[in-house]
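The values are calculated or read from the model by the stated rules, or taken from the named source; none is laboratory data. What you see is a predicted model, and the numbers here were worked out from it, not measured in a lab. With ideal geometry, Cβ positions are generated from the backbone for all residues, glycine too; neighbour counts draw on all protein chains shown.
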Amino acid sequence: MSAFHDMEFPGESAAYREARDRLLDAERELRRQVETVAELRRALPPGGLVHDEYRFASGFAERGDDAVETIGFSELFAPGKDTLVIYQFMFAPGAKAPCPMCTAFVDSLVGAAPHLHQRVNLAVVAKAPIERLLAFARSRDWSGIRLVSAAGTQFNTDYNAERGEERQLPVLSVFTRSANGIHHTYSTELGYMDADPGQNPRHLDMMWPLWNVLDMTPEGRGADWYPSLNYAEAVPA
C-alpha cells in the first residue's frame, strides 16, 4: 500500500510501489512549486503601458475573408473582460509555411479557446498577411479564435517576437486593461534564455498538452522528435 494513499493498482509489485511513491513525493513537490511560481506571476507589478494603438487586420477562419476588419489594439478587449492573452505565432511574410511547433501549440490552444473565452480575451498574432493566415487556419480547421495580422505594425518588434522581418520568435504575452490604460503584464521569457543541455527552451510547456502527455510515457518526448505540419501515417481513430 502507498505511503501517501490507500489506493492500489492490479498486479503492482512492492518495488514498483516503492519507486512510484518516490515519484509521487516528487510530483507533490512539483505541484507546490508550480503554485509558488503562479503566485509570483500573479504578484508581478504592472508592466509598461501600451502607448501605440496598433492597427491590425483581423478575422476568424470560419467567417471567411469577407469578414476581415481593421481594428485597434484596444479593440481586442471585449466589454467586461480586462485580460488579453496573445500568442505571437511564427509565420513571417515571406515564409512558405508557418512554424510546425507554433502550429502544434495553436492546434491545442484552439481546443481550449471556448473555455478560455469565458474568462479572458484571446488572439493569435502573426506577421504574415491576414489572407495567408486565414487560409492556413482553414487548412487546420481552426475556428472560434481571433486571428490577427501584425503586418505593417511594430507590434512584433516592440514585444520581442521579431528580430528582423523574417526572424520570428514564439512568445505568449498577457496584457491587462485598467482605468490607467493597457499594461503589458507577462511574456514567456524562457525562450530568450539558453536552454539547459539536452533541452529546448520549453517556455510554453506548462500550457502545452503535447509535451505534458509525452512526459507521462516511458518513451518520454524523445531527444529528436518534434511535431510536423503533416504526417505520412494516418492518425488513429
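Quick look at the values:
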{"quantity": "Residue match in segment 15-27 (condition: outside the structural domain of residue 113 (by TED's automatic domain parsing) and closer than 30 Å to residue 110 by Cβ)", "calculated": "yes"}
{"quantity": "Output for segment 104-136, where each listed residue is farther than 22 Å from residue 93 by Cα and of a type in the set (Val, Ile, Thr)", "calculated": "110, 120"}
{"quantity": "Leading residue by the ranking (farthest from residue 169 (Cα to Cα)) among those in segment 127-148 that are among the hydrophobic types (A, V, I, L, M, F, W, C) and in contact with a Pro (Cβ under 7 Å, 6 or more places away or on another chain)", "calculated": "136"}
{"quantity": "Residue identified as farther than 26 Å from residue 128 by Cα and either loosely packed, with under 11 Cβ neighbours inside 10 Å or among the aliphatic types (A, V, I, L, M) (or both) among 76, 84, 49, 30", "calculated": "30"}
{"quantity": "Some residue of segment 215-231 being without any contact (Cβ under 8 Å) to a residue 40 or more places away in the chain and either touching a His at 6+ places or on another chain (Cβ under 6 Å) or assigned to a helix (DSSP H, G or I) (or both)", "calculated": "no"}
{"quantity": "Selection count where residues are loosely packed, with under 14 Cβ neighbours inside 10 Å and farther than 23 Å from residue 74 by Cβ, scope segment 139-189", "calculated": "8"}
{"quantity": "Conditions (1) touching a residue at least 40 places away in the same chain (Cβ under 8 Å); (2) in contact with a helix residue (DSSP H, G or I) (Cβ under 6 Å, 6 or more places away or on another chain): number failed by residue 211", "calculated": "(1)"}
{"quantity": "Matching residues in segment 158-182 - criterion: being assigned to a loop (DSSP other than H, G, I, E, B) and of a type in the set (D, E, K, R)", "calculated": "163, 165, 166, 167"}
